[in-house]
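The values are calculated or read from the model by the stated rules, or taken from the named source; none is laboratory data. This is a predicted model, so every value here is computed, not measured. Glycine gets a Cβ as well: all are built from the backbone with ideal geometry, and neighbour counts include every protein chain shown.
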Amino acid sequence: MKFITLSHLRQLKIEGNKFASLTAYDFSFARLFANEGIKVLLVGDSLGMTIQGHNSTLSVTVADIVYHTAAVRRGAPRAMIISDLPFMSYSTPQQTFKNAAKLMRAGANIVKLEGGKWLVETVRMLTERSVPVCAHIGLTPQSINLLGGYKVQGIDELNAERLLMDALALEEANAQLLVLECIPVKLAERITKEVTIPVIGIGSGNVTDGQVLVMHDAFGITGGHIPKFAKNFLQKTGDIRNAIRDYIYSVETGIYPSAEHNFK
């Protein structure tokens with residue numbers, strides 16, 4: 001696989017070609033995913049739940065993300081790696097710059113922040129300092145205590161319009177990528193068409209430019225509640241390499257996510 005860059009992802013959007021991504025937290029899975037053709041890997045603060053066993057992402061530290069980013073980079077030297085800035089690690093400019101630098105030095109190509117228009121100045125300051133940013137709106141797990149649970153966002157017209165305005169403002173601030181989590185498919189389609197940057201969906205239908213899944217959801221090893229948008233690709237194939245290929249094919253052809261995985 002050639003080195004995957006932001007220019008490559010932008011060209012995929014222009015050409016109308018979808019791309020698949022997965023979370024990764026260690027060397028072995030990162031190498032496996034990259035070898036099978038996954039172009040984009042997310043070192044997500046979801047590791048707080050999937051790896052550490054907590055009931056939310058809030059306990060994850062910058063040191064945790066740095067550690068896992070370095071391992072993933074060693075496993076996938078040519079992939080695009082997005083790394084999360086975890087809860088309360090970007091509350092002030094100085095703190096944000098310091099923590100973003102740690103992730104980039106560990107091997108991230110781009111850092112991900114959760115939030116809407118209130119992040120505009122932060123996004124602008126980071127990109128001015130050569131740190132690419134992936135914005136994340138919709139369901140933002142770091143705000144779980146404010147949201148009152150893992151709930152679909154943007155259902156009513158007012159909140160849908162707010163999310164669209166957030167997306168446009170973040171793009172204007174020079175965000176390079178946008179993640180939409182758990183929003184109605186019609187809203188996801190509207191946002192994807194309105195912005196020129198690549199949009200990665202999770203629980204937002206097959207209308208976005210790319211898809212991301214937590215690897216544990218993609219292989220049916222999630223404990224407890226299984227998200228509506230999740231699909232176990234290992235169940236049908238019985239082999240993890242074939243499951244990865246099936247996931248990529250299903251995303252690229254628009255087979256996944258299907259109507260049963262969507263929120264209306």
Requested in this report: State whether one or more residues within the range 147-161 are in contact (Cβ under 8 Å) with a residue 24 or more places away in the chain, basic (Lys, Arg) and either assigned to a helix (DSSP H, G or I) or in contact with a helix residue (DSSP H, G or I) (Cβ under 6 Å, 6 or more places away or on another chain) (or both).
Outcome: no
**Report entry** Some residue of the range 28-48 being closer than 25 Å to THR127 by Cα, without any contact (Cβ under 8 Å) to a residue 12 or more places away in the chain and of a type outside the set (Asp, Glu)
**Finding:** no
Report task. Could you tell me whether THR208 is buried (at least 20 other Cβ atoms within 10 Å of the Cβ) and within 24 Å of LEU9 (Cα to Cα)? Result -> yes
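Go through the range 224-257 and report how many residues are in a loop (DSSP other than H, G, I, E, B) and either buried (at least 19 other Cβ atoms within 10 Å of the Cβ) or under 19 Å from the mean Cα position of the chain (by Cα) (or both).
Here the count works out to 10.
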Report task. Assess whether ALA167 counts as being part of a loop (DSSP other than H, G, I, E, B), crowded, with 22+ Cβ neighbours inside 10 Å and among the aliphatic types (A, V, I, L, M). Result -> no
Report summary line: When the range 55-89 is checked residue by residue, the ones that are of a type in the set (A, V, I, L, M, F, W, C) and in a helix (DSSP H, G or I) are VAL62, ALA63, ILE65, VAL66, ALA70, ALA71, VAL72
Query raised in the report: In the range 91-106, what residues are touching an Asp or Glu at 6+ places or on another chain (Cβ under 9 Å) and at pLDDT 95 or above?
Result: LEU103
Report summary line: Expected output for the range 56-69 (first residue under 14 Å from LEU103 (Cα atoms), partner among the hydroxyl-bearing types (Ser, Thr, Tyr) and outside any loop (DSSP other than H, G, I, E, B), Cβ below 8 Å, 6+ apart or cross-chain) is ILE65/SER83; THR69/SER83
Query - Matching residues, the range 1-54, being assigned to a helix (DSSP H, G or I) and acidic (Asp, Glu) - result: GLU15
Requested in this report: Name every residue in the range 82-123 that is surrounded by fewer than 19 Cβ atoms within 10 Å (Cβ to Cβ), closer than 23 Å to LEU146 by Cα and among the small types (Gly, Ala, Ser), in order of residue number.
Outcome: SER91, GLY115, GLY116
Query raised in the report: In the list MET125, MET104, which residue meets the criterion of being in contact with a Phe, Trp or Tyr (Cβ under 8 Å, 6 or more places away or on another chain) and among the aliphatic types (A, V, I, L, M)?
Result: MET125
Requested in this report: Mind counting the residues in the range 199-223 that are within 23 Å of ASN55 (Cα to Cα) and assigned to a strand (DSSP E or B)?
Outcome: 4
